[in-house]
Number of protein chains: 2
Amino acid sequence: MVEGAVVGGTPVSAAKSRIVSAATALFGEHGVGGTSLQMIADAIGVTKAAVYHQFKTKDEIVIAVAQAELARVAAVLDSAVAQPDPMAAREVLLSGMVDLAIARRHLESALTSDPVLNRFFAQHEPFLTLMDRLYLVLLGEDSPDARLSGAMLTAAIGGAVMHPMLQGLDDAALRAQLLRLARRFLGLPG
Amino acid sequence: MVEGAVVGGTPVSAAKSRIVSAATALFGEHGVGGTSLQMIADAIGVTKAAVYHQFKTKDEIVIAVAQAELARVAAVLDSAVAQPDPMAAREVLLSGMVDLAIARRHLESALTSDPVLNRFFAQHEPFLTLMDRLYLVLLGEDSPDARLSGAMLTAAIGGAVMHPMLQGLDDAALRAQLLRLARRFLGLPG
DNA sequence: GTCTATATAACGATAGAC
DNA sequence: GTCTATCGTTATATAGAC
């Protein structure tokens, strides 16, 4: 991430983004609750105090990590809606979501399953709006029905990549199968 | 790493099962990492020392809780394979899995997304065998393909019930929709 | 089986110097 | 922006009495 970059509408300093980057890796490996401020500080070679200078609380770091991940999803969604037709948009979105999930593996579900974060996002308007836009592209409609389908599919992709039974599967095979099954789930050809 | 408290068949003391029961509720509400031994002890009205008398470490409690949940899945699976034909078995299993996920809501995904637990079960033979049996009934075949489908479906059900966007949905509606989408996912009629 | 009491370590968080 | 030093709290875990 470049200095002066903007994520989620907030300008990000180099120090801040180093922290977010380290925290992202640690959350994926040890979970949110299993990651301490000390671990984050050690990972980037500074003291806890230096970390606290950038973020007042641990919760702020958790939120920042989650929002950075959300920004990745938003970027994929933006590139999808830029496609000439809804069919192509859906393909780009689906493919991008699978790629994201595989690239991050453990992280996504470590975040979405964190109780604190879960309650936060349940009332976080930008998140809810993003998901609505995403489901609209994915399913072609905005309805309670489409929302459940969308939630199930994203949960399925996120959960499958970290499932104990599939940890031996290589990325390429996982990607191909996830796409195939997601298409079947959506009732798409292919 | 950790040696679990014993699975089904082995008798469990009243004190042990009270701890497991309290821990189950707390893990579902605060996550595994967010639940301390003090919280568990307080919930059943004893001291930490009493808890430690039953379980040498916190990890042992986590494993015991997970295995108790696994036993519920195994019970559903057993009642499914007792059905007269594969079609009926699949229906019973699917219905039972959805019921379990809804009844426990947050718990299932709090457990399956815990990094420590995840690594434990990835090498836990009884778990892997149970999942293989489950996927066989669900999909009618045992193959890498079926495993991914099964993992995706279980992840989808577990993830959907705790998804931020679906927390307002009542149980009956959630159940009906989950069953409908699961059937579509499996390529079943209805 | 449960208690009181305690050991030891880590936690989140802050103050103030540089 | 980073440091040393520290606060107050909580964590896991143990020892020994009842």
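Just so you know, all these numbers are worked out from the coordinates, no wet-lab data involved. If you're wondering where the values come from, they're calculated on a predicted model, not measured in any experiment. We place every Cβ from the backbone using ideal geometry, glycine too, and count neighbours over all the protein chains shown.
Quick notes
- Radius 14 Å from Cβ of A:Ala22, net charge of other residues (Lys, Arg +1; Asp, Glu -1): +2
- Environment charge of B:Leu188, counting only residues whose C-beta is closer than 11 Å and scoring Lys/Arg +1, Asp/Glu -1: +3
- Within the listed set B:Val32, B:Val62, B:Val81, the Gaussian network model of chain B (springs between alpha-carbon atoms below 10 Å) gives the highest mean-square fluctuation for B:Val81.
- Mean residue ellipticity (222 nm) of chain A, computed from DSSP H runs ≥ 4 via -39,500 (n - 2.57), nearest 500: -23500 deg cm²/dmol
- Distance from the C-alpha centroid of segment B:147-176 to that of segment A:112-132: 16 Å, rounded to the whole angstrom.
- For the protein assembly as shown: lysine pairs under 26 Å (alpha-carbon distance), excluding those fewer than 8 apart on one chain: 11
- Of B:Gln123, B:Gln67, B:Gln83, the one that fluctuates the most in a GNM where chain B has Cα springs shorter than 10 Å: B:Gln123
- Centre-to-centre separation between the Cα atoms of segment B:43-105 and those of segment A:42-80: 35 Å.
- Residue-wise HN-Hα couplings along segment B:41-51, as the Karplus relation 6.51 cos²θ - 1.76 cosθ + 1.60 with θ = phi - 60° gives them from phi, are 4, 4, 4, 9, x, 10, 9, 4, 4, 5, 5 Hz; Gly and Pro carry x.
- Per residue, the convex hull spanned by the alpha carbons of chain B comes to 128 Å³.
- Shape of the protein assembly as shown, Cα gyration tensor, a/c cut at 1.5: oblate
- Counted charge near A:Leu100, where neighbours are those whose Cβ lies closer than 13 Å (Asp, Glu -1; Lys, Arg +1): 0
- Convex hull of alpha carbon positions in segment A:1-110: directionally averaged projected area 7.2 nm².
- Estimated vicinal HN-Hα couplings, Hz - segment A:109-120 in sequence order (Karplus 6.51, -1.76, 1.60; Gly, Pro = x): 6, 4, 6, 5, 9, 5, x, 4, 5, 4, 5, 4
- 3J(HN,Hα) from dihedral phi, segment A:166-175, Karplus parametrisation 6.51/-1.76/1.60, rounded to Hz, x for glycine, proline: 10, 6, x, 6, 6, 4, 5, 5, 4, 4
- Across identical copies of the chain, A:Ala172 has label-point separations of 5.1 nm, listed in ascending order, with the point defined 7 angstrom from Cα along Cα→Cβ.
- In this assembly of identical copies, the label point of A:Gly190 (Cα plus 7 Å along Cα-to-Cβ) is separated from its counterparts by 3.1 nm, sorted shortest first.
- Each copy carries B:Val81; placing its label point 7 Å along the C-beta direction from Cα gives inter-copy distances of 5.0 nm, listed from smallest up.
- The mean count of C-beta atoms from other chains within 10 Å of the C-beta of residues in B:119-132, rounded to a whole number, is 2.
- Of A:Asp132, A:Asp170, A:Asp99, the residue with the greatest mean-square motion in the GNM of chain A, using alpha carbon springs below 10 Å, is A:Asp170.
- Shape of segment B:107-190, Cα gyration tensor, a/c cut at 1.5: oblate
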